[in-house]
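Contents: one structure, followed by commentary.
The values are calculated or read from the model by the stated rules, or taken from the named source; none is laboratory data. Since we're looking at a predicted model, the values are computed, not measured. Don't worry about glycine lacking a Cβ; one is built from the backbone with ideal geometry, like all the others, and counts go over all protein chains shown. Only protein heavy atoms, including side chains, enter the accessible area calculation; ligands, DNA and RNA are left aside. Shrake-Rupley method; radii C 1.70, N 1.55, O 1.52, S 1.80 Å.
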Amino acid sequence: MSEYFYISTAISYTNGSPHIGHAYEVIAADAIARFKRLDGYNVFFLTGTDEHGLKVQQKAKSLDLEPQVYVDKVSKEFRRLTKYLNCSNNDFIRTTEKRHFRNVHSLWKKLLENGDIYLDQYSGWYSIVDEAFYNDDEIIKSENNVMISPNGNTVEWINEQSYFFRLSKYQNKLIDFYEKNEDFILPKSRMNEIKNFVESGLKDISISRKNINWGIPVEENTEHSIYVWLDALTNYISALDWDKNSELFQNFWPANIHVIGKDISRFHAVFWPAFLFSAGIDTPKMIFSHGFLLNKGEKMSKSIGNTVDPFEMVKMYGVDQLRFYLLSSTPFGKDGNYSHELIKNHSNAMLSNDLGNLSQRCLKLVYTKCEERTPIKGIFNKEDIDLINKTYDLYPKCVNLMNDYQIHSYINEVFNIVSDANKYFSEQKPWKLDLDRMYTVLWVTCEVLRVISIMLQPIITESASKLLDSLAINLSERSFKNCNKNYELKSGVKITEPEAIFPRI
Ligand code: MSP
């Protein structure tokens with residue numbers, strides 16, 4: 001029986017169209033999900049949309065649309081994006097769905113039963129853009145005397161009745177939990193930020209807003225809507241039908257990893273485990289908080305007008321080129337940069353030149369010189385043995401990297417072999433060799449291509465499958481367990497005429 005693995009992305013706000021930052025997150029999570037499936041795990045990969053709150057309500061109003069009509073439209077775009085980017089999510093949750101309402105109400109009930117919810121008066125700041133409450137000491141006065149949040153967004157003063165969650169009660173439990181689970185938040189630097197925040201003292205938090213009609217109502221007092229973050233975080237268990245104690249929940253919870261951006265670490269690493277402690281539900285095993293994708297070093301924002309449309313990017317460069325750029329250009333966890341120049345150069349150098357040339361040169365020769373069949377290997381020399389051994393060592397090396405979510409180092413390891421194989425091919429000059437030796441060199445190169453194509457499936461999904469098709473590898477022999485000698489390339493199998501897989505941009 002295979003092991004279960006549950007991975008999620010953050011759910012995106014539906015107050016605007018998807019941008020490249022959203023694409024980055026879902027592509028990274030997809031690469032991990034695909035990697036785990038190929039490694040034999042039973043994977044549940046969840047993404048979706050966060051559709052309530054003032055931000056969305058105001059946006060719908062500005063367009064003169066009913067909120068439901070508006071979010072239906074935007075959520076569809078996010079769903080379409082996952083398909084467009086070849087993401088393999090098993091489900092797509094929307095916070096306006098019935099199953100989600102049910103779970104949010106059940107979670108609220110649990111917190112209430114545990115004595116962790118009480119009614120009081122909230123006086124403080126609220127930022128609609130951040131959908132977050134702030135204390136006085138977190139607010140900054142801008143040059144033109146506007147009060148702004150730590151994220152640079154305007155805040156408004158609120159004085160209203162509100163439900164509170166006893167977050168303060170969980171301060172010590174959280175500290176203890178972080179001590180015992182040092183990898184709960186990765187990268188490690190973010191763990192320090194979170195620990196400092198919790199150690200500096202936790203206050204109870206407001207978990208409802210009054211007179212907001214676009215939200216999940218508090219059942220026992222419908223003047224109040226449940227705070228959009230309590231609502232949104234619940235998505236991770238709603239999609240598993242936690243409230244029904246379903247088989248899905250029993251198999252997949254606790255989640256192995258919530259992939260999120262660094263701006264929302266506090267909600268996931270402090271609030272979410274505290275809610276779960278209160279409800280008596282296990283906490284997720286890890287929060288991975290990735291960096292931000294910057295446009296030529298600048299934060300992308302609609303007001304600056306430098307947001308990038310991922311649909312356009314795919315049209316311009318191709319889906320694998322975009323996936324490859326986003327996953328290989330920046331260590332996962334750090335901020336990354338984007339510009340047309342960067343993606344063009346990166347893709348041309350690594351995909352068209354390195355991998356594209358290797359596969360084209362080798363497969364063309366195989367097609368023309370081996371009677372359109374996979375080559376027959378002869379006796380190996382030292383160069384052949386060295387390259388083959390390195391290739392078979394790739395999977396054990398990569399599995400460790402990927403288990404630490406070092407996606408970019410994983411790709412580097414694969415491309416080290418690509419560059420070794422290019423060197424080998426150029427030095428061996430198979431086109432000049434006698435037939436026996438030529439077949440052996442071609443076989444060795446095809447074997448390298450077989451293994452690296454299997455390893456690249458989580459990253460460049462379409463191109464890797466095309467490469468495997470052109471080597472006539474069976475669909476049932478494309479998992480990581482096939483990356484070794486026991487499943488080596490069969491000789492004499494008919495292949496089709498090779499096509500260029502990575503056109504230059
Ligand atoms: N709705 C909340 C998340 C709730 S999860 C229970 C939210 N939505 S968001 O649309 O603003 O962001 C969705 C995800 O995209 C977040 O993880 C966020 O960090 C990420 N990104 C938003 N802009 C980004 C970049 N420019 N670069 C990389 N990721 C970015 O937050």
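Miscellaneous remarks
- Percent of alpha-carbon pairs separated by more than 16 Å within the stretch 57-118: 64
- Put simply, the amide H of K334, placed in the peptide plane, has neighbours under 5 Å in G291, leaving out anything fewer than 5 places away on its chain.
- Summarising the amide proton neighbourhood of H224: residues at separation of 5 or more, or on other chains, whose placed amide H is nearer than 5 Å comprise V218.
- Net charge of neighbours whose Cβ lies under 15 Å from the Cβ of N484, counting Lys and Arg as +1 and Asp and Glu as -1: +2
- I304, I407, reordered so the largest accessible area comes first (probe 1.4 Å): I304, I407
- Rounded to 10°, Cα long-axis angle of helix 461-470 versus longest principal axis of the chain: 20
- Positive minus negative residues near L248 (Lys, Arg vs Asp, Glu; Cβ under 14 Å): -2
- Calculated diffusion of the chain, Stokes-Einstein form, Kirkwood radius summed over Cα pairs, 20 °C and 1.002 mPa s, µm²/s: 86
- Charge sum, other residues only, whose C-beta stays under 11 Å from S8's C-beta, Lys/Arg counted +1 and Asp/Glu -1: -2
- The angle between the Cα long axis of helix 319-328 and the main principal axis of the chain comes to about 80°, on a 0 to 90 degree scale.
- Hz values of 3J(HN,Hα) by residue in the stretch 364-377 - Karplus curve (6.51, -1.76, 1.60), Gly and Pro given as x: 5, 5, 4, 4, 7, 9, 10, 6, 6, 10, 4, x, 9, 8
- Extent along principal axes [Cα atoms of the stretch 257-328; Å; largest to smallest]: 48, 29, 18
- Of the residues R504, R80, ranked by 1.4 Å probe accessible area with the largest first, the sequence reads R504, R80.
- If the convex hull is drawn through the Cα atoms of the stretch 428-505, its volume per residue in Å³: 119
- Compared with the dominant Cα axis of the chain, that is its longest principal axis, helix 171-180 is turned about 20°.
- Solvent-accessible ranking of Y410, Y439, largest area first, probe 1.4 Å: Y439, Y410
- Remark: the stretch 192-208, residue by residue, has Karplus-estimated 3J(HN,Hα) of 4, 4, 5, 4, 4, 4, 5, 5, 6, x, 9, 9, 4, 10, 6, 10, 8 Hz, where x stands for each Gly or Pro and the curve is 6.51 cos²θ - 1.76 cosθ + 1.60 at θ = phi - 60°.
- Cα gyration tensor of the stretch 79-167 - equivalent ellipsoid semi-axes, whole Å, descending: 31, 25, 9
- Coil-residue GluC sites (Glu not before Pro) of the stretch 107-177, DSSP, other Cβ within 10 Å capped at 16: E143
- Derived scalar couplings ³J(HN,Hα) [the stretch 471-484; Karplus, 6.51 cos²θ - 1.76 cosθ + 1.60; whole Hz; x for Gly, Pro]: 9, 6, 7, 4, 4, 7, 10, 10, 9, 5, 5, 8, 7, 9
- Across all directions, the average flat footprint of the convex hull enclosing the Cα atoms of the stretch 203-259 is 5.5 nm².
- The stretch 374-451: Lys pairs at Cα distance under 21 angstrom, eight or more positions apart or on different chains: 11
- Cα pair distances exceeding 26 angstrom across the stretch 209-342, given as percent: 45
- Close amide-amide hydrogen proximity is noted between D50 and S12, Y13, T14, each under 5 Å apart and 5 or more residues distant or on a separate chain (H modeled in the peptide plane; Pro and chain starts excluded).
- For the stretch 340-487, Kirkwood radius (reciprocal of mean inverse C-alpha pair distance, Å): 15.7
- Extreme residue, positive dipole direction of the stretch 340-487, given options N400, Y410, L475 (C-beta unit charges): L475
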